[in-house]
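The values are calculated or read from the model by the stated rules, or taken from the named source; none is laboratory data. What you are looking at is a predicted structure, and each value in this text was computed from that prediction instead of being measured. All Cβ positions, glycine included, derive from the backbone under ideal geometry; neighbour counts span all protein chains shown. Surface areas here come from the heavy atoms of the whole protein model, side chains and all, with no ligands, DNA or RNA. Shrake-Rupley method; radii C 1.70, N 1.55, O 1.52, S 1.80 Å.
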Amino acid sequence: MNTQIPCPTQVSTDDVVAVHQLYGRQSHAIDSGRAEDWAATFTVDGEFLSPSYPAPARGADELVAFAERFHADCRARGEVLRHVLGTVEVRPAGPGTLHSRAYLQIVGTPAGDSVRLHRITVLEDELEMTAAGWKIRRRTVHPDR
């Protein structure tokens, strides 16, 4: 008889896949200048906090504006940036919530030049289940140390 005891640290495979898909949609959206799509990966009151930028972005309007500035800055420099996210760990955080930790590399290709690594960071996300699926309630970006 195989009796399994529920483990509070387990997350369903479906939820892990959904979080990976969320991150894929998010990275492609910001890298291609789809600011509203990027902001839509957050809850309507979502927050983005990073030491790379002077102020946090809070709420849909600020998140859209942040993504628009990010893409405009890349275009002005003639550089294509790619967000490469991996080594994702997803843990339960309470009813309808998850905590995710991942490594993010931001890689740039300047026009006519070689690819270069901009930075490596650690993302800490608080995720919330919504009617539209998992969304980021709060993202905190930490420098890789």
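Just to be sure I understand: of the beta bridges DSSP finds with both ends in the chain, what percent are antiparallel, rounded to 5? Show your work: numbers first, answer last.
Details: 37 of 41 bridges.
Here the share of antiparallel DSSP bridges comes out near 90 percent.
Grab the beta carbon distance between Val17 and Asp144, set R0 = 25 Å, and tell me the FRET efficiency rounded to 0.05. Don't skip to the end; give the middle numbers.
Details: r = 26 Å, r/R0 = 1.03.
My answer for the efficiency is 0.45.
Ignoring ligands and nucleic acids, what accessible area does Glu62 show with a 1.4 Å probe (Å², nearest 10)?
Result for Glu62: roughly 90 Å² accessible.
Would you compute, from DSSP H runs of 4+ residues alone, the mean residue ellipticity of the chain at 222 nm, taking -39500 (n - 2.57) per run and dividing by the full residue count, rounded to the nearest 500? Don't jump to the answer; show the numbers that get you there.
Details: 3 runs with 43 residues, N = 145.
Estimated from H runs of four or more residues: -9500 deg cm²/dmol.
Given a 1.4 angstrom probe, what's the average accessible area per residue across the range 28-145, in square angstrom? Show your work: numbers first, answer last.
Values: 6500 Å² over 118 residues.
Per residue, the range 28-145 has an accessible area of 55 Å².
Going from most exposed to least, what order do Asp125, Asp15, Asp113, Asp31 have by accessible area with a 1.4 Å probe?
Details: Asp125 0, Asp15 45, Asp113 105, Asp31 20 Å².
Greatest to least solvent exposure: Asp113, Asp15, Asp31, Asp125.
No solvent, one uniform scatterer per C-alpha: report log10 I(q)/I(0) for the range 67-114 via the Debye equation at q = 0.17, 0.28 1/Å, two decimals.
Result of the Debye calculation: -0.66, -0.98.
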